[in-house]
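Engineer: One structure, as structure tokens, below. Some questions next.
The values are calculated or read from the model by the stated rules, or taken from the named source; none is laboratory data. Keep in mind it's a predicted model, so treat the numbers as computed, not measured. Cβ atoms come from the backbone with ideal geometry, glycine included; neighbour counts cover every protein chain shown.
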Amino acid sequence: MIPLVNLKKQFETIEDELLVEMRRVLKSGQYILGPKVEELERRIAEKLGVDFAVAVANGTDALTLTLDAYGIGKGDEVITTPFSFFATSEAITRVGATPVFVDVDPQTFNLSPENIKEKITQATKAILPVHLFGQSADMDEINRIAQENGLVVIEDACQAFGAEYKGEPVGSLGDAACFSFFPTKNLGTMGDGGIVITSDPVIAEKVRTLRVHGSRTKYYHEQIGYNSRLDELHAAILLICLDHIDGWNRKRRLHGERYREELFQLKHIQVPKPSLNVQHVYHLFCIKSDHRKKITEYLDSRNIQTGVYYPCCLHLQEVYKDLGYVKGDFPVAEMLSQTLFAIPLDPFISVDDQDEVIQALRESEEVV
Ligand SMILES: *Cc1c(COP(=O)(O)O)cnc(C)c1O
């Protein structure tokens, strides 16, 4: 089977470094929010050119604690995309605010800025764009709209560590940004983790307080917070991955470009076309086709794994029934949910395996 992502291979390539550092953590006697976490926060802030990075337990918490730190809650609205992983809107709902969805762009699959303005009300507090599949959203336009309307911009950069927009790293483009270190993410650990990025000292301090039960002095609590801390073991693993991430992302881009070149002439599928001015880091390589079911079944019969991201838009999720959205509200997002599928891509896929995927996709023209 050619897997969608080969995580085992990723960690095996750095096994020796990992074992040394994991033993070091074992011997340190400090296992949560210690020197490794501090080093990771410093190094990520430096790499992104921002002032603060605050590590938390996962990407969902990064979003939740950031929204909470901005005081966003009951009665507030946050504008976001209906085409993302559920955690994006879940965090908004979790703090008591209401997600307000806006359709996406058919080329980039990201929040379409021209649709944002008409959704802004007195209750709107923030825009939460997602850099889907490793490609930055149109941040200049989003920031301009936010500035004109006094809104906060929080980037959901969970899928896009290392991606760039006009030469600037994602994560440095809004008021705050959130990354996930879930294993499959471009920068991932062997477990859960996440981080909040901001250059606002007040927000950084609030997230630091929220992640340890709303406490600044141990056993004294100013507010209701969370238990959302990063482990030393994960920070140690991530520090090693951080040394490799630029090389890994370079390989992802090479593999993505190879697919694009080899597949663009096929009529029954459409390959993604990255926008100008961005550096796409291909968290996932998603192809569009009206024949998704037949093609993915054919690839499966050839032992090639595929994945559907995402089969159900956020506005049509059962849990959001009460928000009153119906099928047809966001035609682009809904079309993407019916037509997109991901094919194997990670930094480690071999030329032979990529050839096999390309060949199988060519042959699949016969089955549609
Ligand atoms: C993975 C992901 C999250 C959530 O991150 P976890 O670490 O799994 O909690 C949020 N938003 C997007 C777009 C993601 O891909």
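Engineer: Restricting attention to the range 332-346, which residues are out of contact with any Cys (no Cβ under 9 Å at 6 or more places or on another chain), within 20 Å of residue 101 (Cα to Cα) and not β-branched (Val, Ile, Thr)?
Structural biologist: 335, 338, listed by residue number.
Engineer: Okay, moving on. Within the range 213-228, does at least one residue satisfy the condition of being touching a helix residue (DSSP H, G or I) at 6+ places or on another chain (Cβ under 6 Å), farther than 13 Å from residue 68 by Cα and surrounded by fewer than 17 Cβ atoms within 10 Å (Cβ to Cβ)?
Structural biologist: For the range 213-228, residues touching a helix residue (DSSP H, G or I) at 6+ places or on another chain (Cβ under 6 Å), farther than 13 Å from residue 68 by Cα and surrounded by fewer than 17 Cβ atoms within 10 Å (Cβ to Cβ): present.
Engineer: Among the residues of the range 156-171, is any surrounded by fewer than 22 Cβ atoms within 10 Å (Cβ to Cβ), touching a helix residue (DSSP H, G or I) at 6+ places or on another chain (Cβ under 9 Å), hydrophobic (A, V, I, L, M, F, W, C) and in contact (Cβ under 8 Å) with a residue 60 or more places away in the chain? Spell out how you get there, then give the answer.
Structural biologist: Here is the first cut: in the range 156-171, the ones surrounded by fewer than 22 Cβ atoms within 10 Å (Cβ to Cβ) are 164, 166-169.
When the remaining residues are screened for being touching a helix residue (DSSP H, G or I) at 6+ places or on another chain (Cβ under 9 Å), the result is 166, 168-169.
Still in the running and hydrophobic (A, V, I, L, M, F, W, C): none.
No, the range 156-171 contains no residue that is surrounded by fewer than 22 Cβ atoms within 10 Å (Cβ to Cβ), touching a helix residue (DSSP H, G or I) at 6+ places or on another chain (Cβ under 9 Å), hydrophobic (A, V, I, L, M, F, W, C) and in contact (Cβ under 8 Å) with a residue 60 or more places away in the chain.
Engineer: OK, next. Which condition from (1) touching a Leu at 6+ places or on another chain (Cβ under 6 Å); (2) away from the ligand (no atom under 13 Å from the Cβ) is the one that residue 89 breaks?
Structural biologist: Result: residue 89 passes all but (2).
Engineer: Separate question: Among the listed residues 44, 14, identify the single one that is among the aliphatic types (A, V, I, L, M) and under 26 Å from residue 199 (Cβ atoms).
Structural biologist: On the way: 14 fails: under 26 Å from residue 199 (Cβ atoms).
Going through 44, 14 in turn, the sole match is 44.
Engineer: So, in the range 286-307, of the ones that are among the basic types (Lys, Arg) and not in a helix (DSSP H, G or I), which residue ends up nearest to residue 342 (Cα to Cα)? If you could, list the steps in order and put the result at the bottom.
Structural biologist: Just the residues of the range 286-307 that are among the basic types (Lys, Arg), to begin with: 288, 292-294, 302.
Narrowing further to those that are not in a helix (DSSP H, G or I): 288, 302.
Numbers: 288: 9, 302: 15 Å.
Among them, the one singled out is 288.
Engineer: Okay, moving on. If the Cβ limit is 9 Å and pairs must be 6+ apart or interchain, which residue in the range 268-281 that is outside the structural domain of residue 165 (by TED's automatic domain parsing) pairs with which residue that is buried (at least 17 other Cβ atoms within 10 Å of the Cβ) and at pLDDT below 95?
Structural biologist: From residues that are outside the structural domain of residue 165 (by TED's automatic domain parsing), the pairs are 280/272; 280/274.
Engineer: Find the residue count for the range 199-234, including only residues that are closer than 21 Å to residue 172 by Cα and not polar (S, T, N, Q). Walk me through how you get there before you give the answer.
Structural biologist: Taking the range 199-234 as the starting set, the residues that turn out to be closer than 21 Å to residue 172 by Cα are 199-208.
With not polar (S, T, N, Q) added as a condition, the list becomes 200-208.
The total comes to 9.
Engineer: Which members of the range 16-49 meet the condition of being within 21 Å of the chain's Cα centre (by Cα) and crowded, with 20+ Cβ neighbours inside 10 Å?
Structural biologist: Selection gives 37, 40, 41, 44, 45, 48.
Engineer: Can you tell which of 177, 204 is of a type in the set (Gly, Ala, Ser), outside any loop (DSSP other than H, G, I, E, B), within 15 Å of the ligand (Cβ to nearest atom) and under 14 Å from residue 50 (Cα atoms)? I'd like the intermediate steps shown before the answer.
Structural biologist: Details: 204 fails: within 15 Å of the ligand (Cβ to nearest atom).
Criteria check complete, one pass: 177.
Engineer: Please find, among 103, 61, 76, the residue that is in contact (Cβ under 8 Å) with a residue 60 or more places away in the chain and surrounded by fewer than 24 Cβ atoms within 10 Å (Cβ to Cβ). Break it down stepwise before answering.
Structural biologist: Working: 61 fails: surrounded by fewer than 24 Cβ atoms within 10 Å (Cβ to Cβ); 76 fails: in contact (Cβ under 8 Å) with a residue 60 or more places away in the chain.
Selected residue: 103, the only one of 103, 61, 76 that is in contact (Cβ under 8 Å) with a residue 60 or more places away in the chain and surrounded by fewer than 24 Cβ atoms within 10 Å (Cβ to Cβ).
Engineer: Which pairs do you get when a residue that is outside the structural domain of residue 228 (by TED's automatic domain parsing) and assigned to a loop (DSSP other than H, G, I, E, B), found in the range 82-96, comes within reach of a residue that is within 8 Å of the ligand (Cβ to nearest atom) and of a type in the set (Asp, Glu), reach meaning Cβ atoms under 9 angstrom, with the pair 6+ apart or on two chains?
Structural biologist: none
Engineer: Still on this structure, I have one more. Only residues in the range 238-253 that are under 20 Å from residue 351 (Cα atoms) count as the first member; pair them with residues that are of a type in the set (Val, Ile, Thr), Cβ under 6 angstrom, at least 6 apart or cross-chain, and list the lot.
Structural biologist: Going by the 6 Å Cβ cut-off, the qualifying pairs are 249/281; 252/281.
Engineer: Residues that are on the phi > 0 side of the Ramachandran plot and assigned by TED's automatic domain parsing to the domain that holds residue 344: list the helices (runs of 4 or more DSSP H) wholly contained in the range 1-60 that include at least 1 such residues.
Structural biologist: Those helices (runs of 4 or more DSSP H) do not exist here; none qualify.
Engineer: Which of the residues belonging to the range 98-130 are within 16 Å of the ligand (Cβ to nearest atom) and either touching a strand residue (DSSP E or B) at 6+ places or on another chain (Cβ under 7 Å) or in a strand (DSSP E or B) (or both)?
Structural biologist: Residues satisfying the conditions are 99, 101, 102, 104, 110, 111, 126, 127, 128, 129, 130.
Engineer: Quick check on this structure: which one of 149, 110, 115 is closer than 23 Å to residue 314 by Cα and surrounded by fewer than 18 Cβ atoms within 10 Å (Cβ to Cβ)?
Structural biologist: Numbers: 149 fails: closer than 23 Å to residue 314 by Cα; 110 fails: surrounded by fewer than 18 Cβ atoms within 10 Å (Cβ to Cβ).
115 is the lone residue from the list that is closer than 23 Å to residue 314 by Cα and surrounded by fewer than 18 Cβ atoms within 10 Å (Cβ to Cβ).
Engineer: Go through the range 48-103 and count every residue that is under 24 Å from residue 233 (Cα atoms) and hydrophobic (A, V, I, L, M, F, W, C).
Structural biologist: 10
Engineer: Let me ask something else about it. Output the number of the condition that residue 310 fails; it satisfies all remaining conditions of (1) assigned to a loop (DSSP other than H, G, I, E, B); (2) over 17 Å from the mean Cα position of the chain (by Cα).
Structural biologist: With (1) assigned to a loop (DSSP other than H, G, I, E, B); (2) over 17 Å from the mean Cα position of the chain (by Cα) applied to residue 310, the lone miss is (2).
Engineer: Mind listing just one residue for me: the one in the range 61-81 that is part of a helix (DSSP H, G or I) and within 14 Å of the ligand (Cβ to nearest atom) and, of those, farthest from residue 175 (Cα to Cα)? Show your work before the answer.
Structural biologist: Going residue by residue through the range 61-81, those that are part of a helix (DSSP H, G or I) are 61-69.
Adding the requirement that they be within 14 Å of the ligand (Cβ to nearest atom) leaves 61-67.
Details: 61: 17, 62: 14, 63: 13, 64: 15, 65: 14, 66: 10, 67: 11 Å.
Here the residue is 61.
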